[in-house]
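What follows is a set of notes on a single structure, which appears directly below.
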Amino acid sequence: MTKGSRLRLVLRDVASGCAFASMAVSGQLPLWTLGLYGVALVAALAGKRLFARRAKLTALLLLGVAAVLAVNVTSGALNLVVAACAFAGLISAHRLLSAPDAATDGQVHLSGLLMVAGGAALSGELVYGLFLVAFSVLSSVSMALGVVEAAVPEGEPVPVRAVLRPLATGVTFAVAGAMAFFILFPRLNWNMTGPRAAPGLGPATTGFSNTVRLGGAGTIKDNPRIVLRATLSPDPGGDALNAYWVGRTYDIFDGLEWTNAGGVRREREPLLTLRPGGDNLIHQRVELLPAYGGRTLIALETPSRLGNAVANGSTGSRRTFLQELAGGEARFLEAGLSYSYEAYSLPPGGSGDTFRRLPSVEQDALLALPEALDPRVSQTAARVLNGEREPLAAAQKLAAWLQREHAYTLELSGEREDPLADFLFERKAGHCEHFATALTLMLRTQGIRARLATGFFGGERVNDGYVLRAGDAHAWTHVLVPERGFVTVDATPPAHRPSQGSRLLQRLLGLYEALESRWRNSVVDYSFRDQVDVARALVRPPKGSESTERSRLPPPRAWGAALLAGMVVYAAWRLVTRLVGRPRPHEATRFVDLVEAVLLPARLFRAEGETLEDLDARLAREGHPLAPALAPATRRYLEARFGGRPLRQGEAEQLIRALQRAVTAHVRLEAQRARAAAAEPRARAS
Amino acid sequence: MERISAELGRAVQGKEAQARLVTTCLVSGGHLLLEDVPGVGKTTLAEALARACGLSFARVQFTADLMPADILGAQIFHAQTATFQFRPGPLFRQLVLADELNRAPPRTQSALLEAMAQGQVSLDGSTHALPSPFTVVATQNPVDFSGTYPLPDSQLDRFMLRLSLGHPAPDVEAKLLATRGRAPPLDAVQTVSSPEEVDMLRTLASELRLDGTVADYVVRLARATREHGDIERGASTRAVLALGAAARTQALWEARDFVTPGDVRAVLVPCWAHRVLLRSAVQGVAARDEAAHLLEELTRKVPAPR
Amino acid sequence: MNLRLKQRRARLRAWLRPPRTLKVTRIGRTYLVVTFGVGLGALNTGNNLLYLLLGLLLSMVVVSGVLSERCIRDISVRRVGTDAAFAGEPFAFRWAVSRKQGHAFALTFSEADSPLLGGGGVGYLPANVEHVVRANLTAPRRGPLRMTGVRVTTTWPLGLFAKTRVLPLEGLLLVYPKRTYACQEPGDAERGPVGDSGNPRRNDGSGDVTGLRELAEGEDARRIHWLKSASTGKLLRVEREREERRTWVLTVEAGLAGDALERRCEEVAALAHRLLDEGHEVGLNTTDRRLRSGAGSAQEKRILRALAWLGFEGAREEEEEAA
């Protein structure tokens, strides 16, 4: 096998791998298909075509695989689309392992194409786009090499380097063309039912349970995966939002775990109103990503209304109802991979709840203490407070004390008998749940109503929205302040409130998220409306930019016109240089063309490649009647062409005219002779 | 030139075309190889050439025991002065006829060929220039190979033109039969030129204009021979130069001061037929015929400049 | 002047309507079907990624057309020809291809509108380089074959479409008779010793040398010319005037036509080949031509040419006039 064809096969296999990966990033393919395909790809890349011998027989394996997939589909374990994609991948794997010939190559590329199409149906991630481009580039290079290889005679090297340059240009144009097509091709349907969600790789990491248990390691704090995206209006601006996003609250602590009093409050509502709002509500359009993994709605503190919820599954999106539970938790009724909804929140400063209007179970729970509470907690609280009775001031005083006296740590091992006492008096270090629990309970020992709230802290700007990471998960304390309702007090040291992951990883993920969000906005969610916008922007630049930038830069239309003019000039220049650069025929050569044109009616037979010189010599030898007339012209032609004595002005015409006369005379003579010859037999016959 | 050629034609009757080519070779400053069966007038032609041009002439009959010294000359001891003196051999003439060249041993052949190429003779460290114009006319019998040392193909390259005279036409032969008895043919040849005139013609020929396109045509012909499937070894660079020189002289015949592609075609076969080595195993005259055939085919295939 | 105008008009017409044909290959057909499917899917679901994929597939088709056009433009071909073409067996044929500017890839060449089968290809043709493309062609039958043009095909860049262009180029290929075995004996020699080994002086080494030729199988090792053999590297034998060299004149009888003529031509060609190979002289007699006897491969070529023209005399007249 030559070097070129080995390269071609490797490219082909890698392209197929990219196509498969474009499906695999959706995370929906069954694991065993991933494994089978991976083994096949590795074997193919290592040059071991295991099925080369018995292509027909091994195709039976595919039949078996198809049967397994069919069973899975009928039993409902597998989506039909997913099964079809998986089958396409396995067909490709089988072709990879077959003997590499032209037909197999074509099948590998086509199955790659099918896989990419399947990937488009399964996932909408940015990675898919990358794999799509990689597939198209590798696959076209491989196909082009195959085409060239087929034309190269046996034993000669394949000009790999020479192929790559024009092909790269071609593929670049193709990608540009694809983009132009994408932007300009009218979207005839309004409903965008593209894949909104794919489970992605790795399990979901956060989520809310009905209890919060103290102790254990808080490794979640260094997980940089993004779980939530939100766009706020009015947009607060700024890179870090540093806001509290609440999921739910807890009010009963039994010494180890936080739980809630009460159960489901409202069963099935399209729109949940948790508390009355005012004029200055903050509107949020929130998207919970598959990495979130829970069904609890998250909203900025303090949520007022939640609704318009949509659950996205692998097959599509559907509207879902909400359920309100105890602790102010709102849940989606239907499971989905990801969700999107809208929320209205009160501005920070208090929830506006009044104690009276709370449900009675909650009223009682706000002062409840575990039975086996260490007495030192109450003593310490009293000592720190030193007579302060005002709830907010007291809470802040205690929080300041906790931050001063206790360290933040995530390395907590082992299950403790009494985690609170252990945190406060023994270890003097803990994570946010410890701080929040300690503050809440210490306040309660002093008769101040408080509860634990969990959710996220932070908000990182990405494009025009904010994202939350899994590591932003946080717990804090709500203190009930008369007139203002529940007010947030955070006992955790400020530096440790948001995500604790590695900076580099976070930055990379942030970058990816920014790209991904661009991709989603401009590609996945591209719609007819956007097309109209593009068209409008082309026709008339947007008003806003016109007013601010007109002074400095010409409008885009001018740039476009300049570009067009430049292209026209370039094309004209190319044309001119081509015309000028064309080798001009020698003057004498043109003369010869004329001579030959004149000779045409004489019906002199000319052999292929016979020059005027030869013709002249032959005619002279044969004593042809035209020879004397042709000789001077030939002589002058030779002189002009090879002798460096160019034809004088008008000389060519003179010679041509003389020759023309001779030819006409000759032709007339011939015709007469022919007539005579024709007439003779007739005369004889009569 | 016309005169020389006419005189030659008188000597060797019925061979006007060949006589012309012989003169071409002389004027181009090349050496001539006559290859034909015995008895067609090779020797007569050479002698007549010498006589017509008034060149000093020597004839060396090559035999199996001919040594290099026999043709180049040798250092002779002079007893009186007690010195060695160079006595030039028969090679120091303006026209040398090397008869039956293939009968001499290779050593002698190569001595002659070297002298042909260099125009001088190196002997015992001293160099002796050969007279000008210096031309060798070698004859070779292609048929009788026994006891001969046929020239290697590479040596053949040194001859500018190769001719074969061929049997004269029947009527010429009859005429010969009638006239030959009376007077030796060479007596009829008169000296019509001089060495100076030949030299002058040479300079004249070398100053002819060779257009770039014509030169390119020659080169393309050479390349065509190198690429041809039936030809083992195509024309060498020396062959290209020789063809150019011969074509110049050919143009002189036409009384033109520039070379046309037709001139090139006219001398192509005698100039190159002996220089290309064919793939097939035929040797001798048949090989020349075939080479000529191939070359003519090439002139049809390679487009001439126009 | 009129002529030049006409030429210019013809050139313009040729430029406006380039003689191209486009064929979809097998993989190309499947590609188009998949493209169609993706297009339907995109329109039905409104999935933007499918639109993107569709755009990529469609623009690949366009780019493929543009690249192949660039590849096939500006190509000039001349026939280098063949050394010998026998009917019914592949012979090496050559075209010299070049282009003034730009590259070309994956070109395959064949003769257009002629019964010649087979073709040759070149993988990469840079600008200003004359590349000789070799091909094994097969001609079905004997006789002169008019060639009108060279067909250039490329599947560059992706092998989805095969774009073909015919470069008009007149030419003539003389196909020699099929090579077979001679079933009949050549008959008696016209000249030379009679009988097979009756001459006692047959191997005596006397007589004039007429030439050298390669030692054939089953020949006497004493005939080897050692000096010449050593210098050329192949065994050569001396041929002498008076030996087994005889002269035959083969005849193609008048009045034959169709298959009988073909058969006779093949027979005569095979006989001539055998006899010339043995070093004899062979001549040829046909209805309207006589070929003098001669030896060597040049003579064989002449005989083959004459045989190839048999039955195509009309065309031959023109050709003779041209030569």
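The values are calculated or read from the model by the stated rules, or taken from the named source; none is laboratory data. What you see is a predicted model, and the numbers here were worked out from it, not measured in a lab. Here the Cβ is made from the backbone with ideal geometry for all residues, glycine too, and neighbour counts use every protein chain on show. Note: areas computed on protein heavy atoms with side chains; ligands, DNA, RNA excluded. Shrake-Rupley method; radii C 1.70, N 1.55, O 1.52, S 1.80 Å.
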Q) What FRET efficiency, computed as 1/(1 + (r/R0)^6) with R0 = 45 Å and r the Cβ-Cβ distance, is obtained for residue A:268 and residue A:60, rounded to the nearest 0.05? A) 0.30
Q) With all protein chains present, how much of the accessible area of the range A:363-490 (probe radius 1.4 Å) comes from carbon and sulfur, to the nearest whole percent? A) 44 percent
Q. Ranked highest first by the average count of other Cβ atoms within 10 Å around their residues, in what order do A:105-111, A:468-474 fall?
A. A:468-474, A:105-111
Q: Just tell me how shielded A:160-172 is by partners: mean number of partner chain Cβ atoms within 10 Å of each residue's Cβ, no decimals.
A: 4
Q: Step through the table entries B:301/C:100; B:42/C:234; B:301/C:234; C:234/C:301, compare each Cα-Cα distance with 29 Å, and write down the pairs that go over it.
A: B:42/C:234; B:301/C:234
Q | Long-range HN-HN contacts of residue C:294 with modeled amide H, under 5 Å | A | C:282, C:283
Q. Dipole size in debye (nearest 20) for the protein assembly as shown around its Cα centre, Lys and Arg Cβ +1, Asp and Glu Cβ -1?
A. 3040 debye
Q) Per residue, how much accessible area does the protein assembly as shown show when a 1.4 Å probe rolls over the protein heavy atoms, in square angstrom? A) 48 Å²
Q. How many angstrom lie between the C-alpha centres of the range A:228-252 and the range A:106-178?
A. 45 Å
Q. Lysines within cross-link reach of residue C:23: Cα-Cα under 22 Å, excluding same-chain residues under 8 positions apart?
A. C:163
Q. Chains C and B: how much accessible area gets covered up at their contact, both sides added, probe 1.4 Å, in Å² to the nearest hundred?
A. 1800 Å²
(Q) Using each residue's phi in the range A:401-406, evaluate 6.51 cos²θ - 1.76 cosθ + 1.60 at θ = phi - 60° and report the 3J(HN,Hα) Karplus result to the nearest Hz, with x for Gly and Pro. (A) 5, 4, 5, 6, 8, 10
Q. Between the range A:61-103 and the range A:628-683, what's the alpha-carbon centroid distance in Å?
A. 81 Å
(Q) Please state the shape class of the protein assembly as shown: rounded when a/c is under 1.5, otherwise prolate if a/b exceeds b/c and oblate if not, all from the C-alpha gyration tensor. (A) prolate
(Q) Just want the answer: with Cβ charges of +1 for Lys and Arg and -1 for Asp and Glu, which residue in A:82, A:119, A:134 is farthest toward the dipole's positive end in the range A:15-167? (A) A:82
Q) Which shape class applies to the range A:54-102: rounded if a/c is under 1.5, otherwise prolate when a/b exceeds b/c and oblate if not, where a ≥ b ≥ c are the square roots of the Cα gyration tensor eigenvalues? A) oblate
Q. Shape of the range B:208-306 from its Cα gyration tensor (a ≥ b ≥ c, root eigenvalues): rounded if a/c is under 1.5, otherwise prolate when a/b > b/c, or oblate?
A. prolate
Q: Place a +1 charge on the Cβ of each Lys and Arg in chain A and a -1 charge on the Cβ of each Asp and Glu, then give the dipole magnitude about the Cα centre in debye, rounded to the nearest 20.
A: 3240 debye
Q) Which whole number gives the average, over all residues in A:148-158, of C-beta atoms from other chains lying within 10 Å of the residue C-beta? A) 5
Q.
Using the crude model of +1 on Lys and Arg Cβ and -1 on Asp and Glu Cβ, and no other charge, please compute the dipole size for the range A:1-150 relative to its Cα centre, in debye to 20.
A. 500 debye
Q. Residues with amide H under 5 Å of residue A:247's amide H, sequence separation 5 or more or different chain, H placed in the peptide plane at 1.01 Å from N; which?
A. A:454, A:455, A:456
Q.
Which one, A:224, A:322, A:471, projects farthest toward the positive side of the charge dipole computed for the range A:212-515 from Cβ point charges (K/R +1, D/E -1)?
A. A:322
(Q) Using a 10 Å cut-off around each Cβ of peptide C:60-70, what is the average number of partner chain Cβ atoms that fall inside? (A) 4
Q.
Taking all protein chains in place and a 1.4 Å probe, what share, in percent, of the accessible surface of the range A:3-184 do carbon and sulfur account for?
A. 72 percent
(Q) Need the full-extension length gain, residue A:77 to residue A:463, defined as separation in residues times 0.36 nm minus the C-alpha distance. One decimal, nm. (A) 135.1 nm
(Q) Can you work out the Karplus-derived ³J(HN,Hα) for every residue in the range B:46-58? Use 6.51 cos²θ - 1.76 cosθ + 1.60 with θ = phi - 60°, whole Hz, and x for glycine or proline. (A) 5, 5, 4, 4, 4, 5, 4, 9, x, 8, 5, 10, 9
Q. So what is the calculated 222 nm ellipticity per residue for chain A, using -39500 (n - 2.57) for each DSSP H run with n of 4 or more, over all residues, to the nearest 500 deg cm²/dmol?
A. -16000 deg cm²/dmol
(Q) If you average the alpha carbon positions of the range A:458-511 and of the range A:380-401, how far apart do those two centres end up, in angstrom? (A) 24 Å
Q | Charge dipole of the range B:208-306 about the Cα centre (unit charges at C-beta), most positive-ward option of B:260, B:210, B:277 | A | B:210
Q: Please give every one of the lysines within straight-line cross-link reach of residue A:428, meaning a C-alpha to C-alpha distance under 28 Å, and leave out same-chain neighbours fewer than 8 residues apart.
A: A:221, A:397
Q) Mind checking the angle between helix A:126-151 and chain A's longest principal axis? C-alpha axes, 0 to 90 degrees, to the nearest 10. A) 20 degrees
Q) Carbon-plus-sulfur fraction of the accessible area of the range C:72-176, 1.4 Å probe, in percent? A) 52 percent
(Q) Counting protein heavy atoms only and a 1.4 angstrom probe, how many square angstrom of accessible surface do chains A and B bury in total, to the nearest 100? (A) 1300 Å²
Q) If you build the Cα gyration tensor of the range A:3-184 and take the root of 5 times each eigenvalue, what three semi-axes come out, in whole angstrom, biggest first? A) 29, 23, 11
Q: Ignoring ligands, DNA and RNA and using a 1.4 Å probe, state the total buried accessible area between A and C in Å², rounded to the nearest 100.
A: 4200 Å²
Q) Points 7 angstrom from Cα along the Cβ direction at residue C:89 and residue B:257: gap in nanometres? A) 5.8 nm
Q. Which residues of the range C:112-148 show a drop of at least 20 Å² in accessible area when all protein chains are present, compared with their chain alone (probe radius 1.4 Å, heavy atoms only, ligands and nucleic acids excluded)?
A. C:121, C:123, C:124, C:130
Q: Work out the FRET efficiency for residue A:31 and residue A:379 from their Cβ-Cβ distance, taking R0 = 56 Å, and round it to the nearest 0.05.
A: 0.50
Q: Evaluate E = 1/(1 + (r/R0)^6) for residue A:388 and residue A:222, where r is the Cβ-Cβ distance and R0 equals 41 Å; express this FRET efficiency to the nearest 0.05.
A: 0.65
